[in-house]
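Asker: Quick one: the structure is below, questions incoming.
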Amino acid sequence: MARPREAESHGPAWLVQAATIARRFYLDGRSKTEIADELGLSRFKVARILDDARDLGLVEVSIRLPTRIDPELSSAVQQAYGLRRAVVLERPDDPKASVRADLGRVAADLLSELATPADVLGLSCSRSVAATTASLRSLAPCRVVQLTGTLAGPDTDAGSVESVRRAASVGGGQAFPLYAPMILPDAATAAALAGDPAIAQAVRQFAGVTIAMVAIGAWGPDLSTVWQTVGAAERRDLQGAGVVGEIGARAFDMAGNAVASSLDDRVLGITLDQLRAIPEVVGLAFHADRAAAVRATLSGGLVDSLVCDADLGRALVGSTNERVTA
């Protein structure tokens, strides 16, 4: 027999019974077996009444997250790339709202959720990571390591020394900052600084990092702080070599493989191979124009989890659909 689709087709006694069962199940947390025993019904009948109540619109189940997260798009990105986890922010109602600040707040909550006292947390130098540590309100008392030197320039808020100090202060753990620029003028200067005892102590922590949070930059204007820092000739050379993005000034191609460049010997920071060896790497990125770079990090195993905005999330899911239907 077909199930009735109109609530009016049921009498008032049935409606009262359905409301009672639904209230006990959804609001009081009673099991179907408990409700059946209390009301002298079979468990099968309780289950059928609950199904009918939902089909007839007597019960509406809604899921509301306390933050602006798109759970469906998050799940789609996670499944499309086999990620450990993906958190995708909804598009803000206010077009002038800072996506980076919103991203930082959610990433800070994720760090608080993931880190334990036994972990060693590594942070790269970026404006998004700085926004994350600025929003950090709680953190397990773990060691916090700076994974790259600091980028000089107009974006002073990208300085990772302060990010590492802030995170360690919130959690009460030990900080291992790198008091040096990320990109040095030449290889000799980079080698000399790497030998400094304080810097060498921080670099030795790289092998023990268990959770890293890094920003994913795309190789183009306004999409990477590193791109804005290097000269025009190096930008062109790297682009010609197939570079689509960078993490901590370590360039990679469409497959997520490292691309040898003139920057390599001048960069003070973790390498892509070292990053890939970390058990949990959380990537931060926003804007659909970074889709190719982010997709490369996911395909190349550089990132295990991703925090991004809805525009980038849709671009990532769309790209997998295009490959399937092509």
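Bear in mind these aren't lab numbers, they're just calculated from the coordinates by the rules spelled out. Not measured: the values here are computed from a predicted model. Reconstructed Cβ throughout: ideal geometry from the backbone, glycine too, with neighbour counts over all protein chains shown.
Asker: In segment 71-325, what percentage of the DSSP-assigned beta bridges are antiparallel, given to the nearest 5?
Answerer: 25 percent
Asker: Please state the charge dipole magnitude for segment 71-325, taken about the Cα centre, from unit charges on C-beta atoms (+1 on K and R, -1 on D and E), reported in debye and rounded to the nearest 20.
Answerer: 280 debye
Asker: Excluding residue 234 itself, what net charge comes from residues whose Cβ is under 12 Å from its Cβ, given Lys and Arg +1 and Asp and Glu -1?
Answerer: 0
Asker: What residue among 212, 11, 192 has its Cα farthest toward the positive end of the dipole of the chain, where the charges are +1 on Lys, Arg and -1 on Asp, Glu, each on the Cβ?
Answerer: After comparing all options, I get 11.
Asker: Just going by the charge dipole of segment 71-325, with Lys and Arg at +1 and Asp and Glu at -1 on Cβ, which of 71, 114, 178 is farthest out on the positive end?
Answerer: Going by the Cα projections, it comes out as 114.
Asker: Quick one: putting +1 on the C-beta of Lys and Arg, -1 on the C-beta of Asp and Glu, what dipole do you get for segment 7-55 around its Cα centre, in Debye to the nearest 20?
Answerer: Approximately 120 debye in magnitude.
Asker: If you take the square roots of the eigenvalues of the alpha-carbon gyration tensor of segment 71-325 and sort them as a ≥ b ≥ c, do you get rounded (a/c under 1.5), prolate (a/b over b/c) or oblate?
Answerer: Judged from the Cα gyration tensor, segment 71-325 comes out oblate (a/c at least 1.5, b/c at or above a/b).
Asker: Have a look at 316, 140, 279 and report the one farthest towards the positive end of the charge dipole of the chain, computed about the Cα centre with Cβ charges (Lys/Arg +1, Asp/Glu -1).
Answerer: 140
Asker: Using helices alone, what [θ] at 222 nm do you get for the chain, with -39,500 (n - 2.57) per DSSP H run of 4 or more residues, divided over all residues and rounded to the nearest 500?
Answerer: It lands at -12500 deg cm²/dmol.
Asker: What dipole magnitude, in Debye to the nearest 20, does segment 247-299 give about its Cα centre under +1 on Lys/Arg Cβ and -1 on Asp/Glu Cβ?
Answerer: Roughly 100 debye for segment 247-299.
Asker: Oh, and also: In percent, what relative contact order does segment 164-312 have, based on Cα pairs under 8 Å that are 6 or more apart in sequence?
Answerer: Value for segment 164-312: 25 percent.
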